[in-house]
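Shown next, in structure tokens, is the structure this report addresses.
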Amino acid sequence: MISPTRFSELPEYAFPRLRTLLGDLAPGDAPIQMTIGDPRHPAPAFVGEVIAAHRDAFMSYPPNDGTPELLAACADWLMRRYGYAADPEREILALNGTREGLYNTAMALCPEEKAGRQPAILTPNPFYQVYAVAALAVRAEPVYVNASAATGDLPDFAALDADLLDRTAIVYICSPSNPQGAVASLDYWTTLLDLAERHDFTIFADECYAEIYTGAPPTGILEAVRATGADPERVVAFHSLSKRSNLAGLRSGFAVSGPGNMARMKQLRAYSGAPLPLPLQMAAARAWAEESHVEANRALYAAKFAAAREILGNHPVPEAGFFLWLPVEDGERAAVKLWTETGVRVMPGAYFARDTMNGNPGTGFVRVALVGPQDETVRGLTRLRDCLYT
């Protein structure tokens, strides 16, 4: 449990901070929302049909770990996507959204001590904020490892002090990364797996953006496990329908790991989990089994990334995910300027990162979400370019 003192270590969440920053400032033009990564493409039509067909199942308690149909669909998808064979009963756990899993898995797997000392949990910096909350909840020391252009926008865990790595219990890593859109290569995953084996920690691979890309499919950590013969207990991989299928409100994700980890995760979930209602599990199973809607979704994002490249010229456009991580002199000043002069609402990059001895790696950036319709996205990016870069 997080004590009041430890909870005070958390800064205000990014979106309330933005509301405070902009306050009562009036938009300079018709507002365009480009802050939150809330998918706005159409959800697959069959979802409503499946839920309606199984509506009577709302009367029954759902299975805590996932229905056989949902677990089998997740296992089939892992084989199609990564060539990875997972036992659906012993190695996959259905989640009520991956945020639940990213938090509760730390509760299940983080030891009270590591090498006789307080354990450390490493996270990228910038990062998804639940990583830090999970570290504080299990009384570990959160360590923020800067991910910048100098490190390929992914944290260089191998450069850390060996003493820190020896007391590291968990490493969070997001690929494609949020907010930069950087993709871990097979070599990156292999190096991280080797580091985990040498220093005895577990990798929590947050791969929720893995199906949004413009070139080759991003390599997943399970491909590296398969290629290297690494111990699957070294890894917990997390996947979600939120971005893949535009079903953020369905709250369907899953975790995959070795059977030892999974037994401990399921034991905790039996007491604290919030299982997905049966009709929603049936809809999720259908979504994991169907690929045409994912291809259509990816094409919509590809068109917006093509527009971003044309509009922004030399400014960086990532290969995956659906955010732009754009350089500015100061993220907060840029966000205020954009809002008051153009009505475009973006997020200061510093709100996704922590101050470290090397500074806050998000200070000189804004995050821009490309989730809106094509025409709205083009208008927003054009206003942004004219305001900040001309």
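The values are calculated or read from the model by the stated rules, or taken from the named source; none is laboratory data. Keep in mind that what you see is a predicted model, and the values were worked out from it rather than measured. Ideal geometry is used to build each Cβ from the backbone, glycine not excepted, and the neighbour counts take in all protein chains shown.
Here are some notes:
- Check on ASN246, under 22 Å from GLY321 (Cβ atoms), crowded, with 20+ Cβ neighbours inside 10 Å and either more than 17 Å from the chain's Cα centre (by Cα) or modelled with pLDDT under 95 (or both): no
- In the condition set (1) more than 25 Å from GLU100 (Cβ to Cβ); (2) out of contact with any helix residue (DSSP H, G or I) (no Cβ under 7 Å at 6 or more places or on another chain), GLN180 is compliant with all but (1).
- Among residues of segment 129-175 being in contact with a strand residue (DSSP E or B) (Cβ under 6 Å, 6 or more places away or on another chain) and hydroxyl-bearing (Ser, Thr, Tyr), the one that is farthest from PRO361 (Cα to Cα) is THR168.
- Residue check, ARG80 surrounded by fewer than 19 Cβ atoms within 10 Å (Cβ to Cβ), in a loop (DSSP other than H, G, I, E, B), not hydrophobic (A, V, I, L, M, F, W, C) and not assigned by TED's automatic domain parsing to the domain that holds LYS337: no
- Taken over segment 161-200, the criterion of being of a type in the set (Phe, Trp, Tyr) and buried (at least 24 other Cβ atoms within 10 Å of the Cβ) is satisfied by TYR172, TRP189.
- Once segment 156-189 is narrowed to residues that are in contact (Cβ under 8 Å) with a residue 40 or more places away in the chain and part of a helix (DSSP H, G or I), the residue that is nearest to LEU222 (Cα to Cα) is LEU186.
- The residues in segment 250-276 that are in contact with a helix residue (DSSP H, G or I) (Cβ under 6 Å, 6 or more places away or on another chain), crowded, with 19+ Cβ neighbours inside 10 Å and farther than 21 Å from ARG40 by Cβ can be counted, and the count is 5.
- Among residues of segment 273-289, those that are over 22 Å from the mean Cα position of the chain (by Cα) and either acidic (Asp, Glu) or over 24 Å from GLU49 (Cα atoms) (or both), counted: 0
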